[in-house]
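Have a look at the structure below, then the notes.
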Amino acid sequence: MRIAVTYQDGQIFQHFGHTERFKIYDCEDGAVTLATTVHMDGTGHGALAGALKNMQVDTLICGGIGGGARQALAEAGITLYPGASGSADEAVRALLEGRLQYDPDTTCSHHDHHGEGHGDCQGHSCGGTCH
């Protein structure tokens, strides 16, 4: 299993579409065997979902995420655990142990009318539930 976590300063980054780094965890038999941090060149949910697929990620833990990103990840075959917060390392441990706290309904419903329709929230705060 290869798990990606939106990542900033050891924490789960809360805006999927603006993620600059992912921490990637290779897991086997319920344990992390390798963890690396990857810097992303592209922005936006489509580029990020494609990059995760190319890195053979099959699971994503993130904070806020929009509908377009959810669709792109689903099309890439990536299982999504949105609405998580706190330490990235602890979230992965919790997922492996079956105790990850997340909100499957986390979404940003107002992003379609901002920017160019790519999920970019401009000029407002969505309380950590965007992208």
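Only one of these is at pLDDT below 95 and among the basic types (Lys, Arg): 93, 21, 2, 70. Name it. Talk me through it step by step, then tell me what you get.
On the way: 93 fails: at pLDDT below 95; 21 fails: at pLDDT below 95; 2 fails: at pLDDT below 95.
Just one listed residue meets the conditions, 70.
Show me the strands (runs of 3 or more DSSP E) found entirely inside region 1-103 where at least 2 residues are surrounded by fewer than 14 Cβ atoms within 10 Å (Cβ to Cβ) and among the hydroxyl-bearing types (Ser, Thr, Tyr).
Of the strands (runs of 3 or more DSSP E) lying wholly inside region 1-103, those with at least 2 residues that are surrounded by fewer than 14 Cβ atoms within 10 Å (Cβ to Cβ) and among the hydroxyl-bearing types (Ser, Thr, Tyr) span 31-39.
Considering (1) hydroxyl-bearing (Ser, Thr, Tyr); (2) within 15 Å of residue 5 (Cα to Cα); (3) free of Cβ contacts under 8 Å to residues at least 12 places away in the same chain, say which one residue 81 fails and leave the rest.
(3)
Would you tally the residues in region 57-103 being among the acidic types (Asp, Glu) and within 17 Å of residue 17 (Cβ to Cβ)?
To start, the set of residues in region 57-103 that are among the acidic types (Asp, Glu) comprises 58, 75, 89-90, 97, 103.
Narrowing further to those that are within 17 Å of residue 17 (Cβ to Cβ): 75.
Of the residues in region 57-103, 1 are among the acidic types (Asp, Glu) and within 17 Å of residue 17 (Cβ to Cβ).
The values are calculated or read from the model by the stated rules, or taken from the named source; none is laboratory data. Just so you know, these numbers come straight off a predicted model, no measurement behind them. Cβ atoms come from the backbone with ideal geometry, glycine included; neighbour counts cover every protein chain shown.
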